[in-house]
There are 2 protein chains.
Amino acid sequence: MGKVALFAVVFYDVKRYSGGGSTGQRKGRKMKRFALKGHICYSTHPDRLEIRENSYLLCEEGECRGVVKELPQGWKEAEVKDYGTCLIIPGLTDLHMHAPQYGFCGMGMDMELLQWLEHQVFPEEAKYADLEYAEKGYRIFAENLKKGATTRACIFSSLHVPATELLMEKLEETGLKVMVGKVNMDRNSPDILREESAEASEAATRQWLKDIEGKFKRVQPILTPRFIPSCTDELMERLSHLQQETGLPVQSHLSENLGEIAWVKELCPWSSCYGDAYDHFRMFGTEQCKTIMAHCVYSDDQEMELMKKRGVWIAHCPLSNENLASGIAPVREFLNRGLNVGLGSDVSGGNTDSIFRVMADAVQASKMYWRLIDQTKKPLTLEEVFYMATKGGGSFFGNVGSFEEGYELDAVVLDDRALKTPMDLTVRQRLERICYLSDDRQIAAKYVAGEEIRLV
Amino acid sequence: MGKVALFAVVFYDVKRYSGGGSTGQRKGRKMKRFALKGHICYSTHPDRLEIRENSYLLCEEGECRGVVKELPQGWKEAEVKDYGTCLIIPGLTDLHMHAPQYGFCGMGMDMELLQWLEHQVFPEEAKYADLEYAEKGYRIFAENLKKGATTRACIFSSLHVPATELLMEKLEETGLKVMVGKVNMDRNSPDILREESAEASEAATRQWLKDIEGKFKRVQPILTPRFIPSCTDELMERLSHLQQETGLPVQSHLSENLGEIAWVKELCPWSSCYGDAYDHFRMFGTEQCKTIMAHCVYSDDQEMELMKKRGVWIAHCPLSNENLASGIAPVREFLNRGLNVGLGSDVSGGNTDSIFRVMADAVQASKMYWRLIDQTKKPLTLEEVFYMATKGGGSFFGNVGSFEEGYELDAVVLDDRALKTPMDLTVRQRLERICYLSDDRQIAAKYVAGEEIRLV
């Protein structure tokens, strides 16, 4: 093999899990332009919602080329999809879901986290050792995710390699761009759902990565130590090396529940806070290790500072935090400090995969935070939760979640005519109403990185 | 007029607004028997959910005659509607809704109660002076209420007599059995939504009652002083006399928001608590004056004791209390004390008319109460919220909300096959899931007092 060929292989290696960035896609594809017409809404900043009525959203090679009132020169021949009075918004990002839990959405809602894991979650996840069962469960999960407003998601599978690969296949078929993680767990769970050793867990993870190499265009792997109580120090150390080797992103859980936090302190007496227990193994943010931490309900000053320093993304999951009686995360404080915050459904601590519902819940939870915990923390606004659901969470995927130029074009077209009202509504009012009232019947069309998803 | 005739008139007077009880209906109607077959779920006590799989729910003359495994003698010829594996539950009761607010469900969700009334509610309600506008708004409201799982509701109209009568007509057409109140308000609201005087408010109310006398079979009037801040002492006094004269039930608001409570104390310095401000005018429970009070978020020991003594029904509206940042009502304490508690959507402080959603929210809110306010107050169970949504709220209408013998047969048939899962579920699990996940697509059939409602 000559030098040039070798270089090409190395290049491919670095990008091998990237799912094909837009630069990569350009080669060999003919340039494709089109425009979507409607009332266009998108965030630029956490408190800034742009609304452009009767405008064109320009798309070229899967990327946004701006939002304009009139088609510019050179676009006159481009296809225009006119969605009339529909709203067009960026696709929503779900930063935290558990695919094998989807089957019990809205069930067992009378337990706290640790009890719920033991009685509801672990017995069900264990079933995903059976590929036939996984096929049933993941088909339902993927079909439903496709029907909603979500275009990007970061998803926990179970510890099972074959089922994880099956899940990735199902999701690849949907056309969504998602990250999926085979879960690592080698302690504190029942025999039916625990890897034999740190070594075995690492080996299974490497097998998984090898199996899927180059296989998917849209679905990427993400390293997924379940949470500190499920992972021995040795496993964390091994995963850390694997992370440094591959550059893969990481997702896990942080400071969700008081019992859990006390447990982590016992398990890692050397840690200065729960976040430090990840940071110790270099799996807590940093540019070389993009990380999502779900929940952060009880993150204190020190933990928030560490998240800020490392650039961790927080997946705020208000519905789950309510269902599992965890509490309410200090989101206003996250925003004040300029932390990266997106939303997570946490299916199925959260009982729905609708990020619209999670947006409404984030507002509601912030009101209870204001009322019951700290009246200096103003409730979240529609603008802020819309930002979190789009650009805030989307940024974990790169330039995703907005219609600014150069963003990948993920768009959802919303037809709210069935949500009848005698009032004349502004576009902002319609958008607010959609967050509170809509379901999959309002999704008229959906695009991911410029490709239209077939909804039926 | 002879003595007997006079007696008959008086009797009719007392019953004139009753919408025809089952005794009244028996006359002249031929006896009608049928049975519904499926998995039957109903409450007998707050913590007791009866589940009878593959059973028959017997209905005769609009009343329940029991739930049985085999059809008894005499029922062999009765029509059997076999709903297969569907769940059959009592119709749900919504103890608190505002019909003219339905148009802005899920909008303006960034204000507290008093600000929201001023900026969102009052300007919109004022539009119901225009019958053409009311026709649009109330058609939508009635159509949607009909489509859901609610069979009984207590509804605020606006202060306008013609629009209130129109609303009653629209609701009569749905086949639901509901109570509707023309709102009374003669102070502390803008000119466009305030009656000129206590006298004028009373006169309008009497006109309304005269207009509708004998007009409706299913829709009944209910006296509706908006809340203490909207009603002068003189108006309360006049309504109290009208109540004693007619025996009509009463609905209003109580202890929803801290600013409101402070205001009531200013307006009625003589009152020992907010509830006492109603009780002073004899419009707070009692056998002669059945009363619903919505919210009761801040009811203290004294107010709860008074509600218990008088037999007030509490309409617990957790979603509204969250949306308007009011707080969380101490529902566990209401139950411990044996108070009458039902659920209210409070459209549109609450952003949906789905009582299933309100059931889930009641559980969620009770978890936040437990977590953030008082850890001696155990979160609500599925059994408890199901009871509140059926028998608890239904009891305001008499023997309504259960399938015990002699109860009016309000039933909802639920087809949850579209809520897919790979798991095999028990009937209780399916019921819990329906509370969290269902929408009107799961309503397969609906019966009110033995009459089937045409859903499409």
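In table form, for the structure just shown:
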quantity: Hits in the range B:167-206 - residues which are of a type in the set (A, V, I, L, M, F, W, C) and free of Cβ contacts under 8 Å to residues at least 40 places away in the same chain; calculated: B:ALA200, B:ALA203
quantity: Residues satisfying the stated conditions in the range B:112-142, i.e. more than 8 Å from chain A (Cβ to nearest Cβ), hydrophobic (A, V, I, L, M, F, W, C) and buried (at least 17 other Cβ atoms within 10 Å of the Cβ); calculated: B:LEU113, B:TRP116, B:LEU117, B:VAL121, B:PHE122, B:ALA126, B:ALA134, B:PHE141, B:ALA142
quantity: Complete set of residues in the range B:329-357 that are within 13 Å of chain A (Cβ to nearest Cβ) and of a type in the set (A, V, I, L, M); calculated: B:ALA329, B:VAL347
quantity: Any hit, the range A:71-93, residues being of a type outside the set (Val, Ile, Thr), in a helix (DSSP H, G or I) and surrounded by fewer than 17 Cβ atoms within 10 Å (Cβ to Cβ); calculated: no
quantity: Qualifying residues in the range B:143-166 (those that are over 18 Å from the mean Cα position of the chain (by Cα) and more than 14 Å from chain A (Cβ to nearest Cβ)) - the one surrounded by the fewest Cβ atoms within 10 Å (Cβ to Cβ); calculated: B:PRO162
quantity: Answer from A:ASP424, A:ASP416 - the residue that is closer than 28 Å to B:GLU125 by Cβ, in contact (Cβ under 8 Å) with a residue 24 or more places away in the chain and not aliphatic (A, V, I, L, M); calculated: A:ASP416
quantity: Qualifying positions in the range B:167-198 - within 16 Å of B:TYR128 (Cα to Cα) and surrounded by fewer than 20 Cβ atoms within 10 Å (Cβ to Cβ); calculated: B:GLU169, B:PRO190, B:ASP191, B:ILE192, B:ARG194
quantity: Filtered residues of the range B:171-198 (kept if in a loop (DSSP other than H, G, I, E, B) and under 19 Å from B:GLY247 (Cβ atoms)); calculated: B:LYS182
quantity: Number of the condition not met by B:SER201 [criteria: (1) surrounded by fewer than 24 Cβ atoms within 10 Å (Cβ to Cβ); (2) hydroxyl-bearing (Ser, Thr, Tyr); (3) over 23 Å from the mean Cα position of the chain (by Cα); (4) assigned to a helix (DSSP H, G or I)]; calculated: (1)
quantity: Within the range A:245-285, tally of residues that are in contact with a strand residue (DSSP E or B) (Cβ under 7 Å, 6 or more places away or on another chain) and not β-branched (Val, Ile, Thr); calculated: 14
quantity: Among the residues listed as B:TYR133, B:TYR138, B:TYR128, the single one being modelled with pLDDT of 95 or more and in contact with an Asp or Glu (Cβ under 9 Å, 6 or more places away or on another chain); calculated: B:TYR138
quantity: Residues satisfying the stated conditions in the range A:135-165, i.e. of a type in the set (A, V, I, L, M, F, W, C) and not in a helix (DSSP H, G or I); calculated: A:ALA149, A:ALA153, A:CYS154, A:ILE155, A:PHE156, A:LEU159
quantity: Check on B:GLY338, surrounded by fewer than 24 Cβ atoms within 10 Å (Cβ to Cβ), in contact with a helix residue (DSSP H, G or I) (Cβ under 8 Å, 6 or more places away or on another chain), in contact (Cβ under 8 Å) with a residue 12 or more places away in the chain and not charged (D, E, K, R); calculated: yes
quantity: Selection count, the range A:318-338, where residues are in contact with a strand residue (DSSP E or B) (Cβ under 6 Å, 6 or more places away or on another chain) and not hydroxyl-bearing (Ser, Thr, Tyr); calculated: 4
quantity: Among (1) within 12 Å of chain B (Cβ to nearest Cβ); (2) surrounded by fewer than 24 Cβ atoms within 10 Å (Cβ to Cβ); (3) over 19 Å from the mean Cα position of the chain (by Cα) - the single one A:MET109 does not satisfy; calculated: (2)
quantity: Residues (under 22 Å from B:ALA315 (Cα atoms), of a type in the set (Val, Ile, Thr) and in contact with a Leu (Cβ under 9 Å, 6 or more places away or on another chain)) located in the range B:140-179; calculated: B:THR150, B:THR151, B:ILE155, B:VAL178
quantity: Residue match in the range B:236-248 (condition: within 30 Å of B:PRO46 (Cα to Cα) and either out of contact with any Leu (no Cβ under 6 Å at 6 or more places or on another chain) or outside any strand (DSSP E or B) (or both)); calculated: yes
quantity: Residue count for the range B:439-456, restricted to those that are assigned to a loop (DSSP other than H, G, I, E, B) and either of a type in the set (A, V, I, L, M, F, W, C) or facing another protein chain (nearest Cβ under 9 Å) (or both); calculated: 5
quantity: Scan of the range A:266-313 for residues that are among the charged types (D, E, K, R), surrounded by fewer than 16 Cβ atoms within 10 Å (Cβ to Cβ) and assigned to a helix (DSSP H, G or I), ordered by number; calculated: A:GLU266, A:ASP301, A:GLU305, A:LYS308, A:LYS309
quantity: Enumeration of residues in the range B:417-432 that are more than 7 Å from chain A (Cβ to nearest Cβ) and under 17 Å from B:PHE386 (Cα atoms); calculated: B:THR426, B:VAL427, B:ARG428, B:ARG430, B:LEU431
quantity: Pick from the range B:358-416, criterion among the aromatic types (Phe, Trp, Tyr) and either in a helix (DSSP H, G or I) or facing chain A (nearest Cβ under 9 Å) (or both), ranking: nearest to A:ILE373 (Cα to Cα); calculated: B:TYR369
quantity: Failed criterion for B:SER272 (all others in (1) in contact with a Ser or Thr (Cβ under 7 Å, 6 or more places away or on another chain); (2) at pLDDT 95 or above hold); calculated: (1)
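The values are calculated or read from the model by the stated rules, or taken from the named source; none is laboratory data. This one's a predicted model, so the numbers in the text were calculated from it and none came from an experiment. Methodologically, a virtual Cβ is constructed for each residue, glycine included, from the backbone with ideal geometry; neighbour enumeration extends over all protein chains shown.
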